[in-house]
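Take a look at the structure set out below.
No lab work stands behind these numbers, since they all come straight from the coordinates. Here the structure is a predicted model, which means the values were calculated and not measured. Heads up, the Cβs are rebuilt from the backbone with ideal geometry, glycines too, and the neighbour counts pull from every protein chain shown.
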Amino acid sequence: MNKKINNLKEAEYYANFNLVGEYIVKSRKAKPENEAINEMYYAWQELGFYVHNLIVNERFYEQSLSEYRSDKIRAVTRARVAEEKIIELEKEIQQLKTKIEIGL
């Protein structure tokens, strides 16, 4: 996906995540003994870690894919150059064989 679109989506996610987090933290400070708020707080944390991990993994995947593509392009280019050189050397060998056959 487009990097700019991903960045905008991530920024929106983090903004919403932080907004909800602020309310959860305020509620937890106001009522530290409330079991439901405490459970929500820990679930919110786990959700944040999970989504952050997904985002990081996606970035690493895209980066790796880009590197693999670059490596492939470089290998294909090198193979083409090598093939051209082989053709050139085969022609030279043939010319030398012809010279040897005619005694030059």
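Of the trypsin sites (Lys or Arg not before Pro) in the range 23-104, which ones lie in a loop per DSSP and count no more than 15 other C-beta atoms within 10 Å?
Here no trypsin sites (Lys or Arg not before Pro) fit, given the DSSP loop and packing criteria.
Determine the distance separating the Cα centre of the range 37-62 from the Cα centre of the range 66-104; give it in Å without decimals.
The distance from the Cα centre of the range 37-62 to that of the range 66-104 comes to 53 Å.
Taking loop as defined by DSSP and a crowding limit of 13 other beta carbons within 10 Å, which GluC sites (Glu not before Pro) in the range 1-86 fit? The partial results should precede the final answer.
On the way: sites: 10, 12, 22, 33, 35, 39, 46, 58, 62, 67, 83, 84; in loops: 33.
Those that pass, being in a loop and sparsely packed, are 33.
Considering all projection directions equally, how large on average is the shadow of the alpha-carbon convex hull of the chain, in square nanometres?
If I average the Cα hull's projected area over directions, I get 10.1 nm².
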